[in-house]
């Protein structure tokens, strides 16, 4: 049996890898188990750029939250928020508007426990233990903290590719469209099989051993999920091409969209 760290919540199966904890490992975090590290190592053997992709996703998160704040959005619903790390949504939003409020939602008990502990002494932010597909629970908790009669930014960073086709990811996006008012935003990043279909298929095989499988999708399929939203320029593009920061410095992968194999977009609810 693997040693259970003192910080691990009771009841967590530390022998079953979870995408949130693998992502934490890619980012250099410490809230992951041996099983997560083993499967992450297998994923990195298939796609060695995985840590760079994770960091690029965090950079897109920062740009998207900054954009939303510039549009006057002061409420954020972060679905599949993961384990807290540097540059969280609430930190970015609060730096731009001290009154901004954030709700973090994640189904992973470790992600939830550490979010709750981190945020215990922080105002204007709460953590919710729920699956984004459980709309009733998510909205019940969100309405206790956010005013959904006003615009809100719904954030789905690197999470929809963990919603299988049989669970209708487009329907999930549509449900949150219906739950928000005009002027609300949606920010999405999503793995794609457009560039490296064979390697992406190998990654899907690796993630079948995790608590949630990975499904890469084409540009057309991802765009169809976002069909209810008006996408802001430049639309649905490679994650590194969505309003890149001119001061970010050289791209570690040379700006090769094939190596990132992920799309990103921000849309407005009309």
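The values are calculated or read from the model by the stated rules, or taken from the named source; none is laboratory data. The structure presented is a predicted model; accordingly, all values stated were derived computationally and were not measured. A quick note on method: Cβ atoms are made from the backbone with ideal geometry, for glycine too, and the neighbour counts reach across all protein chains shown.
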Quiz prompt | Failed item in (1) over 18 Å from residue 203 (Cα atoms); (2) over 13 Å from the mean Cα position of the chain (by Cα); (3) in contact (Cβ under 8 Å) with a residue 24 or more places away in the chain, with residue 15 passing the rest | solution = (3)
Quiz item: If you go through the stretch 60-77 one residue at a time, do you hit one that is out of contact with any strand residue (DSSP E or B) (no Cβ under 6 Å at 6 or more places or on another chain) and farther than 30 Å from residue 181 by Cα?
Solution: no
Quiz item: Could you list, in sequence order, the residues of the stretch 95-134 that are at pLDDT below 95 and part of a helix (DSSP H, G or I)?
Solution: 109, 110, 111, 112, 113, 114, 115, 116, 117, 118, 119
Exercise. Return a yes/no flag: does the stretch 219-236 have any residue that is under 20 Å from the mean Cα position of the chain (by Cα) and on the phi > 0 side of the Ramachandran plot.
Key: yes
Practice problem: Answer with yes or no whether residue 243 is assigned to a loop (DSSP other than H, G, I, E, B), within 17 Å of residue 162 (Cα to Cα) and in contact with a strand residue (DSSP E or B) (Cβ under 9 Å, 6 or more places away or on another chain). | Solution: no
Exercise. Working only within the stretch 172-191, note down all residues that are closer than 24 Å to residue 262 by Cβ and out of contact with any strand residue (DSSP E or B) (no Cβ under 8 Å at 6 or more places or on another chain).
Key: 172, 174, 175
Exercise. State whether the residues of the stretch 46-55 include one that is touching a strand residue (DSSP E or B) at 6+ places or on another chain (Cβ under 9 Å), in contact (Cβ under 8 Å) with a residue 24 or more places away in the chain, under 26 Å from residue 15 (Cα atoms) and assigned to a helix (DSSP H, G or I).
Key: yes
Quiz item: Here are some conditions: (1) closer than 18 Å to residue 80 by Cβ; (2) without any contact (Cβ under 8 Å) to a residue 40 or more places away in the chain; (3) part of a loop (DSSP other than H, G, I, E, B). Residue 137 meets all but one. Which one does it not meet?
Solution: (3)
Quiz prompt | Selection from the stretch 156-190 of residues that are under 23 Å from residue 213 (Cβ atoms), assigned to a helix (DSSP H, G or I) and more than 12 Å from the chain's Cα centre (by Cα) | solution = 165, 166, 167, 169, 170, 171, 172, 173, 174, 175, 176
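Find the residue count for the stretch 63-84, including only residues that are surrounded by fewer than 17 Cβ atoms within 10 Å (Cβ to Cβ) and either modelled with pLDDT under 95 or assigned to a helix (DSSP H, G or I) (or both). Write out each step before concluding.
Kept after step one, since they are surrounded by fewer than 17 Cβ atoms within 10 Å (Cβ to Cβ), are these residues of the stretch 63-84: 66, 70-72.
With either modelled with pLDDT under 95 or assigned to a helix (DSSP H, G or I) (or both) added as a condition, the list becomes 66, 70.
Residues that pass the stated criteria total 2.
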Self-check item: Which numbered condition residue 41 fails, given (1) over 18 Å from residue 81 (Cα atoms); (2) buried (at least 16 other Cβ atoms within 10 Å of the Cβ); (3) modelled with pLDDT of 90 or more
Solution: (2)
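One line per residue, one yes/no per condition, for (1) within 27 Å of residue 35 (Cα to Cα); (2) surrounded by fewer than 16 Cβ atoms within 10 Å (Cβ to Cβ):
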| residue | (1), (2) |
| --- | --- |
| 182 | no, yes |
| 191 | yes, no |
| 226 | no, no |
| 230 | no, yes |
Exercise. Please state which of the following conditions residue 205 fails to meet, knowing it meets all the rest: (1) at pLDDT 95 or above; (2) not in a helix (DSSP H, G or I).
Key: (2)
Practice problem: State whether one or more residues within the stretch 108-126 are in contact with a helix residue (DSSP H, G or I) (Cβ under 8 Å, 6 or more places away or on another chain), free of Cβ contacts under 8 Å to residues at least 40 places away in the same chain, buried (at least 17 other Cβ atoms within 10 Å of the Cβ) and under 21 Å from residue 190 (Cβ atoms). | Solution: no
